[in-house]
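Chemist: Take a look at this one; I'll ask things after.
Nothing in this text is a laboratory measurement; each read-out follows from the coordinates by a stated rule. Just so we're clear, the structure is a prediction, and the values are computed from it rather than from any experiment. Neighbour counts are summed over all protein chains in view; Cβ atoms, including those assigned to glycine, are modelled from backbone coordinates with ideal geometry.
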Ligand SMILES: Cc1ncc(C[n+]2csc(CCOP(=O)(O)OP(=O)(O)O)c2C)c(N)n1
Ligand SMILES: [Mg+2]
């Protein structure tokens, strides 16, 4: 357990949410030491993000937050009510002895059910000593246990045999791997090898197989690759592993392929595609139990064709990355970064056009890990994710690739990185635009909009810039470049 004081209040929550992402390797939590309205709104976004994104599948996942809570007090917010829609467990601590039981249960709820658990600890209570507490008469010295083991269940033999039979009858098996398969790299590779089945990866599952694996066609979905799209449209059997990829148009046409889905969450089965057989269980354990029932398939046509298409696709990306022009193509920047970052780096992405470029042009090798906002696709978590990753992996490079819009939202979180001596690296794709939304609006036929900009940096510019801003019929910004060494003087200190 660690205490992290976050300086960008709305963002400490994303830090906490990110600890539940696949980047954390061990049971880890952040205490939250500040709860003001804006922070709490940020918390709701982050935790909604984590609940909307489906449960993080990593066994160290936990989403627990402590709050200062002072109803009717300045900056007080009823965080219990606020978190009610997203938290599976949502309890306010009433005394120190209560804390040990509730916190234990919250950890079990979050870890076991892969969901959000939320604990509120009023500020006054945080300062109380456990030894000074008088538990209620009914407490009888209640203790709880410290051990916890992840769920590693697999479906029964009959179901596994049914799955094996469907897979064996398929001529063109394609695999969709999501974040639930992150811990099952060896098993996914073995299945792909056995069936000559290409693997398309959801963005959160990008590290399931390294991008140089002969079995993967890269990411799938709107930010994916053409070969991934092709394998999904051409397969006759689809194996979905720990994924609820949201883009329905990236699934085969209904009825055109049989589908088996393996997911630890029963309610994920059939969520996106009419799955013929749903196996509820841990992806790694289930695949390990399924593998002995399968035989090597001699027909390699589907895989070979996917690989050929992948070669063509990589050539196309290479050409795009090499175009020399200014302003730079973001793809060139992503490629340079991909070549330069450490082989075991942890990469954190944002939401925007930048995510598309990163998904395609950052090629993740075997030792790297990657995380991104997931299903809610909220802007700006790249930096807080990178901070959390650096806490979780102090000896690995932590790199955030973010948009300028997202970065502007959470830039203050840099203070946290500096304060905690975290050597995070942030690459901002500055296009002076909320580009993804701009393109979406263009597609809808909406006209571009914006405000007027003015700048003054010299005495001669001091009047013209605000004058035209004040006369503008539109919203206008004046950037006045002023001396940072001019002190906020007291009356008696003012000098000419
Ligand atoms: C909190 C939040 N607000 C708004 C959006 C809608 N949205 C999605 S991408 C995007 C633009 C992001 O801009 P930027 O970070 O500069 O990235 P770019 O698209 O320019 O690469 C917006 C506004 C969102 N996903 N999350
Ligand atoms: Mg931008």
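Chemist: What percent does the relative contact order of segment 187-308 come to when contacts are Cα pairs within less than 8 Å and at least six residues apart?
Modeler: 27
Chemist: Under a crude label model (7 Å from the Cα following the beta-carbon direction), how far is residue 146 from residue 432 in nanometres?
Modeler: Modelled inter-label distance: 5.8 nm.
Chemist: Shape of segment 319-467 from its Cα gyration tensor (a ≥ b ≥ c, root eigenvalues): rounded if a/c is under 1.5, otherwise prolate when a/b > b/c, or oblate?
Modeler: prolate
Chemist: Rounded, prolate or oblate: which fits segment 235-313, taking a ≥ b ≥ c as square roots of the Cα gyration tensor eigenvalues, rounded meaning a/c under 1.5, else prolate when a/b beats b/c?
Modeler: In terms of gyration-tensor shape, oblate.
Chemist: Full extension from residue 481 to residue 222: what is 0.36 nm times the residue separation minus their Cα-Cα distance, to one decimal in nm?
Modeler: Numbers: separation 259, 0.36 × 259 = 93.24 nm, distance 4.09 nm.
Contour length minus Cα-Cα distance gives 89.1 nm.
Chemist: Hey, another quick one. If I take R0 = 41 Å and measure r between the Cβ atoms of residue 194 and residue 339 in this structure, what FRET efficiency does the formula 1/(1 + (r/R0)^6) give, to the nearest 0.05?
Modeler: 0.80
Chemist: Would you mind getting me the FRET efficiency between residue 301 and residue 104? Use the beta-carbon distance for r and R0 = 45 Å, nearest 0.05. If you can, show how the numbers build up before the last one.
Modeler: Details: r = 54 Å, r/R0 = 1.20.
For R0 = 45 Å, the calculated efficiency reads 0.25.
Chemist: Could you work out how far apart the two model spin labels at residue 249 and residue 288 are, taking each label as a point 7 Å from the Cα in the direction of the beta carbon, and quote it in nm?
Modeler: 4.0
Chemist: Please figure out what share of the DSSP beta bridges in segment 325-438 is antiparallel and state it in percent, rounded to the nearest 5.
Modeler: Once the DSSP bridges in segment 325-438 are tallied, antiparallel ones form about 0 percent.
Chemist: Given R₀ = 25 Å, what would the calculated FRET efficiency be for residue 449 paired with residue 325, taking r from the Cβ atoms and rounding to 0.05?
Modeler: 0.40
Chemist: Among 398-410, 129-141, what's the highest-first ranking by average C-beta atoms within 10 angstrom per residue? Mind showing how you got there, number by number?
Modeler: Working: 398-410: 24.5, 129-141: 9.2.
The most tightly packed comes first, giving 398-410, 129-141.
Chemist: Assuming a viscosity of 0.890 mPa s and a temperature of 25 °C, what translational diffusion coefficient in µm² per second does Stokes-Einstein assign to segment 430-480, Rh being the Kirkwood radius over Cα pairs?
Modeler: Answer from the Stokes-Einstein relation: 193 µm²/s.
Chemist: How much length, in nm to one decimal, is gained on full extension between residue 441 and residue 153, taken as 0.36 nm per residue of separation minus their Cα-Cα distance?
Modeler: 99.1 nm
Chemist: Related question: Would you mind calculating the gained length between residue 418 and residue 312 on full extension (0.36 nm times residue separation, minus the Cα-Cα distance), in nm to one decimal?
Modeler: 33.8 nm
Chemist: Still on this structure, I have one more. Please work out whether segment 134-181 counts as rounded, prolate or oblate from its C-alpha gyration tensor, where a ≥ b ≥ c are the square roots of the eigenvalues and a/c under 1.5 means rounded, while otherwise a/b larger than b/c means prolate and anything else oblate? Intermediate values should be presented prior to the final figure.
Modeler: Working: a/c = 6.32, a/b = 3.37, b/c = 1.88.
Prolate.
Chemist: Convert 20 °C to kelvin, take the viscosity as 1.002 mPa s, use the Kirkwood radius over C-alpha pairs of segment 341-413 as Rh, and evaluate the Stokes-Einstein diffusion coefficient in µm²/s, rounded to a whole number.
Modeler: Here the translational diffusion coefficient equals 176 µm²/s.
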